[in-house]
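Here's the structure we're looking at; comments come further down.
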Amino acid sequence: MAARRAWAEVDLGAVRHNASLLAELAAPAGLCAVVKAEAYGHGSVAVSEAALEGGATWLAVAIVEEGAVLRDHGIEAPILLLSEPPATAMGDVAALRLTPTIYTQGGVEAAAKAVAGGSAGGAGVGSPPLDVHVKVDTGMHRVGASPEGAPAVVQAVVDRPELNLGGLWTHFAVADDPGNPFTDTQCARFDAVVARLAEQGVRPPLVHACNSAGTIAHPVAHHDLVRCGIALYGVAPSLALAAMQQVEGLRPVLSLRARVSYVREVGAGEAVSYGLRRPLERPSHIATVPVGYADGVPWRLGTSGGDVLIGGRRRPLAGAVTMDQIMVDCGDDEGVLPGDEVVLIGRQGAEHITAWEWATHVGTIAYEVLCGIGPRVPKVYG
Ligand SMILES: *Cc1c(COP(=O)(O)O)cnc(C)c1O
């Protein structure tokens, strides 16, 4: 096997630490570790195991296939599907004992049928009831039953012997913006649904609303469970929350590293990479690093002042990011050599580069940076 050209180091000790910190912050509410999209690019199986060791009691994924991978690896914890699965997938949901989110009457029907064995691959006659959580749309307007329509969906679940109402939840749209009063509006709409159900005599065992930002900034909304993704990975949900004390205790989980593959001196007036955008003002040692936008290094980082770390020092990119390689301007430093370690995200010596630093340069959010790390980058667990 060739030496690694570029790799993502995933610190599972940091996952355990962050999970236990978030579990403590949420207590007495429980912690659901959100591990959709390969655990935000960190690797869903290893992260799930570490999060459960750290104190998470639930996992959440976006799609059935992601839940299947966790079950295939022997993970027994409850797994919430964050959207209503298509009717054709309900058989798998029931067979894998995933907990579907439901918000339509059709979803109730499909889930009940799958449990009764009415759909190929379903759990079959005599199976215990399947836990489902009903989602209320309180203002994000992505998925969920309206506050007015949710009680009827809940009642339909309660009326089906094949199903068990395991929870009721909602999702915040602006919890990462602590000054925005709309989170309070969403809370009030959600509380009204909970109260209305109580009048019907229905008390969902798990009521939940908070993502990472809500967990950090809206403790009154913790209810019975919090669903944390980004904070579990040691990254602030927003720059507005980054300075909060609860965030400062989190440890970044991922670092993206590579090794210099080639170095040569390029003369003043020459420029580097596609477009030859920035002529060098003086002769410079240019280090080539075999990682590019196919690996998740945003193209725009090369035109917006992005840095990497080599030898514990910040060094600017010399030109455009290419698909498989970047070039780094090491100035008059003759000390950079092939084989030297390059840190793209993470710490080296006294310097560090965060996912938010990249995000700020290229006009996105840290979530997209992490999810963008490509499948060609192997994960090294520590
Ligand atoms: C992704 C997601 C989360 C986790 O959000 P973070 O901001 O990463 O904590 C929680 N709930 C739902 C419904 C989600 O889609």
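The values are calculated or read from the model by the stated rules, or taken from the named source; none is laboratory data. Only a predicted model underlies this, so the values are computations on that prediction, with no experimental measurement involved. Positions of Cβ are generated from backbone atoms using ideal geometry, with glycine treated the same way; all protein chains shown enter the neighbour counts. Note: accessible area is taken over every heavy atom of the protein model, side chains too, but ligands, DNA and RNA are not part of it. Shrake-Rupley method; radii C 1.70, N 1.55, O 1.52, S 1.80 Å.
Observations
- Spacing of the two label points (7 Å from each Cα toward its C-beta) at A198 and A294, in nm: 5.8 nm
- Dividing the radius of gyration of the alpha carbons in the range 254-364 by their Kirkwood radius gives 0.93 for Rg/Rh.
- Lys, Arg +1 and Asp, Glu -1 on Cβ, resulting dipole of the range 12-238 about Cα centre, debye, nearest 20: 140 debye
- Evaluated at q = 0.19, 0.26, 0.29 Å⁻¹, the base-10 log of the normalised Debye intensity for the range 238-290, with identical point scatterers placed on the Cα atoms, takes the values -0.72, -1.05, -1.17.
- Label-point gap, in nm, between H352 and Y381 - each point 7 angstrom along Cα→Cβ: 2.3 nm
- Average accessible surface area per residue within the range 1-125, 1.4 Å rolling probe, Å²: 39 Å²
- The figure for R300 is an accessible area of roughly 130 square angstrom, using a 1.4 Å probe on the protein chains alone.
- Per-q log10 I(q)/I(0), the range 52-91, q = 0.27, 0.30 Å⁻¹ (Debye; single scatterer per alpha-carbon; no solvent): -0.98, -1.11
- Farthest positive-ward along the range 1-40 dipole, Cα basis, beta-carbon charges - from A37, L12, L22: A37
- Overall, the range 119-210 carries a charge dipole of about 160 debye about its Cα centre when +1 sits on the Cβ of Lys and Arg and -1 on the Cβ of Asp and Glu, all other atoms neutral.
- Amide H to amide H distances under 5 Å link A145 with K135, V136, D137, where only residues 5 or more positions off or on other chains count and H is placed in the peptide plane.
- For the range 61-68, backbone phi angles converted through the Karplus equation (6.51, -1.76, 1.60; θ = phi - 60°) give residue-by-residue couplings of 9, 8, 9, 4, 4, 5, x, 4 Hz, Gly and Pro being listed as x.
- Positive-end ranking of A258, P205, V193 along the dipole of the range 182-263, with charges on Cβ about the Cα centre, is headed by A258.
- Figure note: H133, H171, H361, H73 ranked by solvent-accessible area, largest first, 1.4 Å probe, ligands and nucleic acids not counted: H73, H361, H171, H133.
- Along the axis of the charge dipole computed for the chain (Cβ charges of +1 for Lys and Arg, -1 for Asp and Glu, origin at the Cα centre), the listed residues A145, L130, G91 are led at the positive end by G91.
- 28 Å Cα-Cα reach of K379 towards lysines, excluding residues that sit fewer than 8 places from it in its own chain: K36
- Distance between the 7 Å Cα→Cβ label points at R4 and E24: 2.9 nm.
- For the chain, the dipole from Cβ point charges (+1 on Lys and Arg, -1 on Asp and Glu) about the Cα centre works out to 280 debye, to the nearest 20.
- In degrees, nearest ten, helix 182-199 long axis to first principal axis of the chain (Cα): 20 degrees
- Backbone N under 15 Å from the V266 label point (7 Å along Cα→Cβ), restricted to the range 323-355: 323-333
- For the range 357-364, 3J(HN,Hα) per residue [Karplus equation, 6.51 cos²θ - 1.76 cosθ + 1.60, θ = phi - 60°, Hz, x = Gly/Pro]: 4, 4, 4, 5, 4, 9, x, 9
- Extension gain for the segment E281 to M244, taken as residue separation times 0.36 nm less the Cα-Cα distance, is 9.2 nm to one decimal.
- With all protein chains in place and ligands, DNA and RNA left out, the 1.4 Å accessible area ranks Y262, Y381, Y274 as Y274, Y262, Y381, largest first.
- Apolar share of the accessible surface for the chain: 54 percent from carbon plus sulfur atoms, 1.4 Å probe.
- Under 5 Å, built H, 5+ apart or other chain: amide partners of R259: V342
- Rounded to the nearest 10 degrees, the angle from helix 150-159 to the longest Cα principal axis of the chain is 60 degrees.
- List T185, T101, ordered by accessible area with a 1.4 Å probe, largest first: T185, T101
- Accessible area per residue in Å² at 1.4 Å probe, computed on the range 271-382: 45 Å²
- Square roots of 5 times each gyration tensor eigenvalue, C-alpha, the range 12-238, largest first, Å: 26, 23, 13
- Taking amide H atoms as placed 1.01 Å from N in the peptide plane, the amide H of L206 lies under 5 Å from those of G167, L168, each 5 or more residues away in sequence or on another chain.
- Computed log₁₀ I(q)/I(0) - Debye formula, equal Cα scatterers, no solvent, the chain, q 0.07, 0.09, 0.11 Å⁻¹: -0.38, -0.59, -0.81
- With viscosity 0.890 mPa s and temperature 25 °C, the Kirkwood radius over alpha carbon pairs of the range 315-382 converts through Stokes-Einstein to a diffusion coefficient of 175 µm²/s.
- If a spin label sat at a point 7 angstrom from the Cα of H73 along the line to its beta carbon, the backbone N atoms of the range 1-44 nearer than 17 Å would be those of 8-17, 19, 33-44.
- Helix 12-26 and the longest principal axis of the Cα set of the chain meet at an angle near 40°.
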